[in-house]
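Colleague: Take a look at this one; I'll ask things after.
The values are calculated or read from the model by the stated rules, or taken from the named source; none is laboratory data. Quantities reported herein were computed from a predicted structural model and do not represent experimental measurements. When we count neighbours, we look across all protein chains shown, and the Cβ atoms used for this are built from the backbone with ideal geometry, even at glycine.
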Amino acid sequence: MRQIGQTPAPEPVSGGPAGTAVRPKAERYDRIRGRLADAALSYLPLAIAVIDRDLRLLYWNAQAAALWGLPPLLAAERPGLADVVAGLAILSAGQRSRLIDFCADHIRLGDRVEPDSRLRLASGRDRRLAVQVRGMGRGTWMVTINDSKTEGIAEPRLPDHGGTDAWLDALTGIANRRHLHQALQALPADARSVLLLIDVDDFQGINDRFGRAAGDALLCLIARRLAREVRHDDLLARPGSDAFVILTTQADAASALANRLLDVLSQPFMVEGQLVEAGFAIGIAAWNGSADAVLEDAAQALRTAKAGAGDHRFVVAPQTDPAGCTDQPESDAKRAAA
């Protein structure tokens with residue numbers, strides 16, 4: 001009988017001489033946790049697989065096995081993703097190639113890839129697959145496939161800033177033009193607010209090159225990146241096709257915010273399995289008591305920014321309080337004054 005506080009004797013490995021080797025309890029717990037995780041993942045309406053840097057499958061759940069026609073997971077098997085995808089008869093050869101390239105690009109580019117990017121593949125008129133890849137660390141990545149045949153594909157929604165559908169942009173889920181104008185009209189005349197007008201360079205060219213669906217997906221990804229950079233009491237809106245607005249009370253850090261936004265937007269976007277790089281310009285204007293006037297000031301500053309050199313730049317409207325723009329780059333300041 002073991003007394004309280006006494007350390008239990010180590011368990012001998014089955015089949016070996018007693019006391020010659022031990023099997024740590026942590027190893028048994030890992031096996032138990034693995035079985036529990038596998039059971040939990042089997043209840044999710046997603047096909048889930050874990051791949052390594054060489055695009056070999058290390059794990060797949062029951063839904064992935066059914067989708068790909070694989071047998072239950074065996075420890076000795078490490079099938080290649082290309083071999084597995086080749087059996088997806090519901091996809092064309094081109095779609096299967098895009099799926100493999102999508103996963104390979106995520107591994108190759110690492111943190112440079114937009115985390116919310118997804119590849120959408122249509123199979124017939126009524127079935128769609130949405131593929132996402134996320135890094136798990138230690139040279140592994142998780143691939144999830146949402147199959148509309150199994151479960152309706154749910155698109156994540158951005159915060160609605162307290163509005164209803166009538167005040168939200170139907171594509172991106174952020175505030176629309178109506179919501180923006182209502183917020184501007186509600187501002188006191190002496191409010192220390194600043195408006196940042198953000199525009200995508202040559203968005204029509206992106207549409208022409210990658211297609212309308214890719215252009216819409218790019219706008220959604222831009223909205224998500226911007227949403228991660230604004231404060232809870234800031235307003236993020238999409239008043240036009242390829243334009244975004246941030247209305248903020250951070251008047252003393254407007255230029256710092258613009259610099260941060262341009263840095264975030266400078267990273268390439270993974271759009272529908274294609275790597276897209278876009279240029280951006282920002283016009284900044286201080287609240288001057290009129291919704292139309294502040295929007296025009298910001299638009300004029302934006303036109304000046306877009307006329308300058310470089311792919312990522314911002315300009316502050318001359319009427320804006322310089323105290324709120326102390327971080328403005330010298331080159332931009334000169335262009336604004338020109």
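Colleague: Within the group Asp292, Asp252, which residue is outside the structural domain of Ile107 (by TED's automatic domain parsing), acidic (Asp, Glu) and within 19 Å of Ala175 (Cα to Cα)?
Modeller: After applying the criteria, what remains is Asp292.
Colleague: Do the conditions hold for Arg238, that is, is it basic (Lys, Arg), under 22 Å from the mean Cα position of the chain (by Cα) and farther than 18 Å from Ala298 by Cβ?
Modeller: No.
Colleague: Considering only the stretch 161-179, I want to know if a residue exists there that is surrounded by fewer than 19 Cβ atoms within 10 Å (Cβ to Cβ), at pLDDT below 80, of a type outside the set (A, V, I, L, M) and over 30 Å from Val316 (Cα atoms).
Modeller: Yes - at least one qualifying residue is present in the stretch 161-179.
Colleague: Across the stretch 266-296, what is the total count of residues that are free of Cβ contacts under 8 Å to residues at least 40 places away in the same chain and assigned to a helix (DSSP H, G or I)?
Modeller: 3
Colleague: Of the residues Ala76, Ala154, Ala64, Ala130, which single one is at pLDDT 80 or above and surrounded by fewer than 19 Cβ atoms within 10 Å (Cβ to Cβ)?
Modeller: Ala130
Colleague: Can you tell me which of Ala291, Ala253, Ala237 is surrounded by 22 or more Cβ atoms within 10 Å (Cβ to Cβ), among the hydrophobic types (A, V, I, L, M, F, W, C) and out of contact with any Asp or Glu (no Cβ under 7 Å at 6 or more places or on another chain)?
Modeller: The unique qualifying residue is Ala237.
Colleague: Identify, from the list Asp216, Asp208, Asp199, the residue that is acidic (Asp, Glu) and in a strand (DSSP E or B).
Modeller: One residue alone meets the criteria, Asp199.
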